[in-house]
């Protein structure tokens, strides 16, 4: 008995706790919008169900107000990994990276006694060296015959394994299953980041899904057709709507530089009529053809993810680990699925800013919860760390919501607005730079309209949406006199949110100067915004004439 007590006394608290801690499986797909998951009950739920993802909602919790702080791949991933907003972690745009030694989540999990792994899409430029094991796609990676970078004798990026004849979603699942079965230390709990490339555009599904939805007319959002004159602002429409064709890439032919109508017939000719020529169809017919091609390819990729998650969940059941594993499913941001005739993400509009977030852990999370508390991707890391019993370093800005999951009660002093900032001004998808807040009932967006150095100006403007009465964001109320007091209050809350997260503008002072210049947005500011609109239109028309299909930021100009 004395020997037994001595042994118990010698066991460190961290060792004992490690034996009792759950595994943590963080699953993230790329660009998987919440409204493409049937558990969220959108227009797509009946035609494209996602039963394996839905299981997490049925047996755990689903968040209706989970948001990214910057709706673009690298910045969002950096927020999860560091628990910091982008102006602190340094990942402002697609060149963003998190250096070894700063990959906080992997470091803290390892310190807590977890074996760590990163498998799939990484997209943070540098080596994920703080993980015990990694097998990651180079950059965006390929849908078919994917290659993966692994740790090895050669320098980072040179040790490569290939999967000939496989789709990336299948290959990533195979890699995870192999690591779970053969690659990990079975005596330790695991922390695994399992990241799919799909359904990032340009979407390309595994061949076995080509018949899926082939004969189905995909339900359309009303805003694909109805661009209410009250939607948007001078920032997104231009003075007297002169920039409607040039702000935001499109599904149909609205944007002359980049649209799915222009790109998809060449990429996926089988999705269009034989000998398709857009000149032989009306604008509405062309838009509908492009929309259906777009959605079908996207949803086929989602189907591949859901089926592969079925494989992964079955493995956890067969090994008896599923109920001792915190399983999280999310996307790195949302995605526009035809709303407002926009493609891609980047926008602060609901479909882009909202992230799916579902979590299952039956030991402490009650089944069937729908939670409307506002959470951001900076909160995901500290939440997982608390489940692991790991320390959360002082560098982390996010806050754990573990107690919310376990009690259903919003923690005292919890934030009441999500903060958002998109920096990649007019790059790739013609989205103006903007900043804003999202509460449970309203959204305030400020398009300040310049690049990092205050150049390549587009007209500044403000937008305010009442999400309780206008969930699809069709009526900008910012200039409505009846909502002037509300607009002023939300502007004050935006100032407070910037202060809370530390976005003081010191990182790009010329950009901050433009942001401050139009903050009051008085009559003089609005007149100047109209002038900027006219100048930008002339510039864009000249660029199009010169054939600049992929217009990029002109720094300082």
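Since every read-out is calculated from the coordinates, none of them should be taken as a lab result. Keep in mind that this is a model prediction, so the values were computed, not measured. We place every Cβ from the backbone using ideal geometry, glycine too, and count neighbours over all the protein chains shown.
Brief remarks follow.
- Kirkwood hydrodynamic radius over Cα pairs of segment 423-502, then Stokes diffusion coefficient at 37 °C and 0.692 mPa s, in µm²/s: 242
- Using only Cα coordinates, the Kirkwood hydrodynamic radius of segment 211-307 works out to 14.8 Å.
- Packing around the peptides 111-121, 512-522, taken as the average count of other Cβ atoms within 10 Å per residue, puts them in this order, highest first: 111-121, 512-522.
- Each residue of segment 267-401 gets 165 Å³ once the volume of the Cα convex hull is shared out per residue.
- Cα-based helix-to-principal-axis angle, 523-545 vs the chain, degrees rounded to 10: 90
- Relative contact order (%) - segment 291-357, alpha-carbon pairs under 8 angstrom, separation at least six: 26
- FRET efficiency estimate (nearest 0.05) - Cβ-Cβ, residue 534 to residue 453, R0 25 angstrom: 0.70
- Gain on full stretching of the segment that runs from residue 543 to residue 99 - 0.36 nm per residue minus C-alpha separation: 156.2 nm
- Span per principal axis, largest first, for the Cα atoms of segment 76-169 (Å): 40, 32, 24
- Calculated log₁₀ intensity ratio I(q)/I(0) where the Debye formula runs over C-alpha points of segment 146-212, q = 0.11, 0.16, 0.24, 0.26 Å⁻¹: -0.36, -0.72, -1.19, -1.25
- The Cα-based radius of gyration of segment 466-547, divided by its Kirkwood radius, gives an Rg/Rh of 1.06.
- Packing-based ranking, highest mean first, of 379-391, 268-280, 231-243 given that Cβ atoms within 10 Å are counted: 379-391, 231-243, 268-280
- Tensor-based shape of segment 331-398 (alpha-carbon gyration tensor, a/c under 1.5 rounded, otherwise prolate or oblate): oblate
- Principal axes of segment 230-281: Cα extent on each, largest first, Å: 40, 19, 18
- Ordering of 164-177, 424-437, 362-375 by packing [mean C-beta count within 10 Å, highest first]: 424-437, 164-177, 362-375
- At 1.567 mPa s and 4 °C, Stokes diffusion of segment 320-474 via Kirkwood alpha-carbon radius, µm² per second: 74
- Whole-number D in µm²/s for segment 377-467 (Stokes-Einstein; Kirkwood sum over Cα pairs; 10 °C, 1.306 mPa s): 101
- In segment 138-287, one over the average inverse separation of all distinct C-alpha pairs is 19.7 Å, which is the Kirkwood hydrodynamic radius.
- Förster-model FRET efficiency, 41 Å R0, residue 202 and residue 412, C-beta, rounded to 0.05: 0.35
- The angle between the Cα long axis of helix 283-318 and the main principal axis of the chain comes to about 10°, on a 0 to 90 degree scale.
- Placing a label point 7 Å from the Cα of residue 187 along the Cα-to-Cβ line, the residues of segment 98-117 whose backbone N sits under 15 Å from it are 113-115.
- Residue list for segment 474-507, given a label point 7 angstrom along the Cα-to-Cβ vector of residue 229 and an amide N cut-off under 18 Å: 474-481
- Segment 360-419: C-alpha gyration tensor shape, a/c 1.5 cut-off, then a/b vs b/c: oblate
- For the chain, calculated [θ]222 nm from helices alone, where every DSSP H run of n ≥ 4 adds -39500 (n - 2.57): -9500 deg cm²/dmol
- Descending semi-axes in Å of segment 406-557, equivalent ellipsoid built from Cα gyration tensor: 30, 18, 16
- Values of log10 I(q)/I(0), in the order q = 0.06, 0.09 Å⁻¹, for the chain under a Debye, Cα-only, solvent-free model: -0.30, -0.67
- Relative to the dominant Cα principal axis of the chain, helix 73-82 is inclined by about 40°.
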